[in-house]
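The next block holds one structure in the form of C-alpha cells; read it before the comments.
The values are calculated or read from the model by the stated rules, or taken from the named source; none is laboratory data. Treat the numbers as computed from the prediction; the structure is a model and nothing was measured. Here the Cβ positions follow ideal geometry from the backbone for every residue, glycine too, while neighbour counts run over all protein chains shown. Calculation scope for accessible area: heavy atoms of the full protein, side chains included, ligands and nucleic acids excluded. Shrake-Rupley method; radii C 1.70, N 1.55, O 1.52, S 1.80 Å.
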Amino acid sequence: MKELVIFGAWYFSRVVAEVAEATGWKVLGYVDPEPPENVTGLKTLPDEAAVFVGLGDNSLRDVISSLLVKRGRNIATIVHPNACISPSSTIGPGSFIAELAVVRTGTTLGKGVILQSGSVVSHDCQVGSFASFGPNAATASRVQVGRRTLVGVGASIAPGMSIGDDCTVAAGAAVYKNADNKTTIIGNPATATPSPHRETKQSNWKLNTTW
Ligand SMILES: CC(C)(COP(=O)(O)OP(=O)(O)OC[C@H]1O[C@@H](n2cnc3c(N)ncnc32)[C@H](O)[C@@H]1OP(=O)(O)O)[C@@H](O)C(=O)NCCC(=O)NCCS
C-alpha cells in the first residue's frame, strides 16, 4: 500500500486523510509543530513515504511544499473518486480535489491547488499554484486565478476575468471585473480593495532537517 504523511494536523488535513484513505493511501500520520491535543505528531518521516501538505493557508502551503520539493520528497496529489476531471485538463502535484468538484476541458491547475466540494473550474481556465476554491465556488470559462488566491465559498467569477496573485475573493462575491494582485474582492457586483497585510505562521514551521 502507498504510504502518506500529511503536513498539517488541523481541519483541512483531516478531510484530506479521509479522501486519501478512500483512494488507496495508508496515512502514517501528521507533521505539525502545534498539533491538536488528540493528535500525536510524527517524529520521523519514513524515506519512502509520499507527503501531502494539508495546510489551508495558501501562503504557508506554498512555503512548506517548496521546502519539501527541495528535499526531494515525493508530493502526492489527491483526487476524490467522485470529482469530475476532464481528461484534457492538467492538475499540478500536491493538489487536492474534493467530491463533486469539476475541472473542465483544457483547464490547467498549478501545483498545490485545493478545490473544495462542489467547486467548478470551467473550461480553458488557468489556476495558479497554491490557489484554493471553497465549497461551491465557481468560475465560468477562460478565467485566470493567480497564485495563492483564495476564492471563497459560493463565489462566482464571470467569463474571461483575470484575478491576480494573493487575492481573496470573498464568500458569495460575484466578480465581473479583473482584479489586481493582493486585493480583496467583495460583493455583487464585486469591488476590489487592497488586502490588509497578513503574516504567515512560517516561523513555527521550521522543518526538522531530517525531513
Ligand atoms: C471577505 C472576508 C475575507 C472578510 O474577512 P474579514 O476582514 O475578517 O471581515 P469581517 O468579518 O471583519 O467583516 C468586515 C465587514 O465586511 C462584511 N463582510 C465580510 N465578509 C463578507 C462577504 N463575503 N461579503 C460581503 N460582506 C462581507 C461584514 O459583514 C462586515 O461588515 P460591517 O463592517 O458592515 O459589519 C471574509 O469574510 C470572507 O468572505 N472570506 C472567505 C472565506 C472562505 O470562503 N473560505 C473558504 C474556506 S473552505
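Here are the numbers for the structure shown:
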| quantity | calculated |
| --- | --- |
| Residue within the range 75-88 that is touching a residue at least 40 places away in the same chain (Cβ under 8 Å), of a type in the set (Val, Ile, Thr), out of contact with any Lys or Arg (no Cβ under 6 Å at 6 or more places or on another chain) and closer than 30 Å to Thr139 by Cα present | yes |
| Test: residue in the range 1-18 that is β-branched (Val, Ile, Thr), within 16 Å of Val113 (Cβ to Cβ) and open to solvent by 20 Å² or more (accessible area, probe 1.4 Å) | yes |
| Subset of the range 58-77 that is within 16 Å of the ligand (Cβ to nearest atom) and surrounded by 21 or more Cβ atoms within 10 Å (Cβ to Cβ) - its residue that is farthest from Ser119 (Cα to Cα) | Arg61 |
| Given (1) buried (at least 23 other Cβ atoms within 10 Å of the Cβ); (2) more than 15 Å from the chain's Cα centre (by Cα), index of the condition Thr105 fails | (1) |
| Output for the range 126-146, where each listed residue is in a loop (DSSP other than H, G, I, E, B) and away from the ligand (no atom under 15 Å from the Cβ) | Gly128, Ser129, Ala140, Ser141, Arg142, Val143, Gly146 |
| Whichever residue in the range 177-205 is away from the ligand (no atom under 15 Å from the Cβ) and either without any contact (Cβ under 8 Å) to a residue 40 or more places away in the chain or over 27 Å from Val63 (Cα atoms) (or both) and, among such residues, is nearest to the chain's Cα centre (by Cα) | Asn181 |
| Lys26, sole failed condition from (1) more than 20 Å from Val113 (Cα to Cα); (2) open to solvent by less than 60 Å² (accessible area, probe 1.4 Å); (3) touching a residue at least 24 places away in the same chain (Cβ under 8 Å) | (2) |
| Residues within the range 136-165 that are surrounded by fewer than 19 Cβ atoms within 10 Å (Cβ to Cβ) and either touching a residue at least 60 places away in the same chain (Cβ under 8 Å) or of a type in the set (Ser, Thr, Tyr) (or both), tallied | 2 |
| Output for the range 11-38, where each listed residue is touching a Leu at 6+ places or on another chain (Cβ under 8 Å), hydrophobic (A, V, I, L, M, F, W, C) and within 16 Å of the ligand (Cβ to nearest atom) | Phe12 |
| Scan of the range 156-170 for residues that are within 14 Å of the ligand (Cβ to nearest atom), over 15 Å from Ser195 (Cβ atoms) and not polar (S, T, N, Q), ordered by number | Ile157 |
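Residue-wise test of (1) at positive phi; (2) in the same structural domain as Ser13 (by TED's automatic domain parsing); (3) assigned to a loop (DSSP other than H, G, I, E, B).
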position	(1), (2), (3)
Val63	no, yes, no
Leu67	no, yes, no
Asn82	no, no, yes
Pro87	no, no, yes
Gly94	yes, no, yes
Leu100	yes, no, yes
Gly106	yes, no, yes
Gly118	yes, no, yes
His123	no, no, yes
